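Taking it in order: structure first as structure tokens, then the write-up.
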Amino acid sequence: MSDVPIGFFLSVGVDSGLCTALAAELSPTPIKTFTLVYAEESSTGAKDLDRQCAKRISEIYDTEHHEERVDFAGFPDQLPAIIKHFDEPFAGVVSSYFLSRLISKHVKVTLSGDAADELFGSYLSHRLAFAVSHYLQLKQSGHSKAGEFSLFEGKPHFLSRLAEKDDWKWRYKLLVFTDEEKQRLYARYISGCMSQFDTLDHLRGYFRHVTAQDPLNRILEAEFVSFFPDQVLTYVDRLSMAHSLEVRTAYLDVDFVNYVASIPGHLKIKNGETKYILKKAALKYLPEDVVFRKKEGFLMPITQWILQDLEDYVRDTLTPARLKGHGLFDVKYVEQLVLDLYSKQSDYMDVNKVYALLVFQEWYDLYMH
């Protein structure tokens with residue numbers, strides 16, 4: 001309910017698609033929907049499919065549909081403006097900045113699909129919860145097939161390297177920088193100052209008060225009071241309010257959250273299908289191929305851009321001269337991170353490390369230089 005017209009993020013997954021469908025059935029007039037798309041040279045196959053599915057949902061429910069197009073060429077110029085709205089070096093998702101810019105031209109309040117992933121299970125840490133638990137059980141029993149679980153989503157021995165009895169320990173291994181990597185990253189003086197801070201112990205604090213019992217719900221509960229408010233809700237709020245747009249999410253209704261928290265984990269991720277029970281409910285409103293298609297997520301293709309199109313920008317930003325301006329990092333370590341990024345088959349963790357440093361340097365030059 002609102003005194004002003006409401007728009008809807010339609011990033012195409014089942015989360016925003018279901019919100020759109022329910023609202024369209026309730027609204028006496030066509031609702032407004034908005035989707036972020038990318039220029040052809042800076043898109044991905046999954047993002048193209050996102051656009052097609054969003055348009056399809058829009059047509060089914062006769063919404064007034066709008067698209068916002070962005071490309072990698074404008075990203076370096078836009079990043080400082082985004083950082084100014086954060087007031088801190090935040091290297092997280094920035095997609096909502098661009099989509100909010102479009103939406104604010106039409107409405108001042110919008111609904112998003114945020115929190116569905118965090119309630120029902122979708123991210124890597126969620127998909128790993130039962131896999132790690134099962135792997136450890138087999139290993140403890142001496143089962144001969146334990147090795148089969150070392151293959152996770154095409155990554156041989158991933159589980160065997162990750163598995164720990166304490167879930168906060170293996171969750172820690174998914175962070176961008178471990179404590180050991182941070183000590184190597186910092187300049188000698190800074191490393192000494194920072195040695196008293198322990199990210200692993202900080203993360204353990206969130207798990208210490210978890211009440212859930214099954215592996216998936218334990219991860220969901222811990223992240224719901226840490227990563228979710230500190231990252232997701234933060235970037236959505238700041239980047240939307242940068243354009244004076246208020247974002248709300250139906251999935252954070254208190255009664256709904258309490259109910260979903262009581263659902264067993266095996267109904268949230270079942271036979272590898274994430275958000276299983278939510279998707280089954282969504283079949284009443286959305287086509288099956290839309291509900292069960294692989295979702296890339298509401299992200300910009302930043303990994304592709306950094307690896308392919310923004311190499312010069314990355315190198316120019318992380319030069320020894322600019323890094324020495326603050327002296328916080330070991331220049332040779334940063335140089336090696338950049339060198340490795342462009343000289344080997346990199347994965348998203350390599351990109352995340354460099355992107356975090358890139359954002360920090362841009363923030364420093366804006367605020368401290």
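Under the simplified labelling scheme, the S262-H85 pair shows an inter-label distance of 3.9 nm, with each label point 7 Å from Cα along Cα→Cβ.
Under a Gaussian network description of the chain, with springs only between Cα atoms under 10 Å, the residue in Y135, Y172, Y259 that fluctuates furthest is Y259. Listed values for region 259-275 are Karplus-derived 3J(HN,Hα) couplings in whole Hz (6.51 cos²θ - 1.76 cosθ + 1.60, θ = phi - 60°), namely 5, 5, 4, 8, 6, x, x, 5, 8, 8, 10, 10, 6, x, 8, 6, 6, and x replaces Gly and Pro.
The spacing between region 97-120 and region 215-268, judged by their C-alpha centroids, is 14 Å.
Could you tell me the relative contact order of the chain? Use alpha-carbon pairs under 8 Å, at least six residues apart, and round to a whole percent.
Computed over the chain, the figure is 24 percent.
Ordering 88-99, 174-185 by mean Cβ neighbour count within 10 Å, with the highest value first, yields 88-99, 174-185. The 3J(HN,Hα) values that the Karplus relation (6.51, -1.76, 1.60; θ = phi - 60°) gives for region 322-332 are, in residue order, 6, 5, 6, x, 10, x, 7, 10, 6, 4, 5 Hz. Gly and Pro appear as x.
Expressed as a whole percent, the proportion of Cα-Cα pairs in region 302-367 lying more than 17 Å apart is 33%. When the chain is described by a simple charge dipole with +1 on each Lys and Arg Cβ and -1 on each Asp and Glu Cβ, the residue from Q304, F329, L278 located farthest towards its positive end is L278.
Proximity of backbone amide H atoms, modeled 1.01 Å from N, is registered between H66 and T33, F34, T35 at under 5 Å, excluding neighbours fewer than 5 places apart on the same chain. Our estimate of slack between V4 and L366, defined as 0.36 nm per intervening residue step minus the Cα-Cα distance, is 126.7 nm. Shape call for region 79-193 from the C-alpha gyration tensor, a ≥ b ≥ c root eigenvalues: rounded (a/c under 1.5), prolate (a/b greater than b/c) or oblate? Since a/c reaches 1.5 but b/c is at least a/b, the shape of region 79-193 is classed as oblate.
For a protection proxy built on the mean count of beta-carbon atoms within 10 angstrom, sort 198-206, 246-254 highest first, please.
Per-residue mean Cβ counts within 10 Å order the peptides as 246-254, 198-206.
Have a look at the DSSP beta bridges in the chain and tell me what percent are antiparallel, nearest 5. Expressed as a percentage, antiparallel bridges in the chain total about 15. Listed by chain and number, the lysines whose alpha-carbon sits under 23 Å from that of K55, ignoring those within fewer than 8 places in the same chain, are K32, K47, K105, K108, K275, K279, K280, K284, K294, K295.
With a Förster radius of 35 Å applied to the C-beta separation of E64 and Y342, the computed FRET efficiency comes to 0.20. Assuming charge only on the beta carbon of Lys and Arg (+1) and of Asp and Glu (-1), the dipole of the chain about its Cα centre is about 860 debye to the nearest 20.
Each Lys and Arg Cβ is given +1 and each Asp and Glu Cβ -1; about its Cα centre, region 302-367 then shows a dipole of about 220 debye.
Where a number appears in this text, it was derived from the coordinates with a stated rule and is not lab data. On a predicted model such as this, the values are computed, not experimentally measured, just so you know. When we count neighbours, we look across all protein chains shown, and the Cβ atoms used for this are built from the backbone with ideal geometry, even at glycine.
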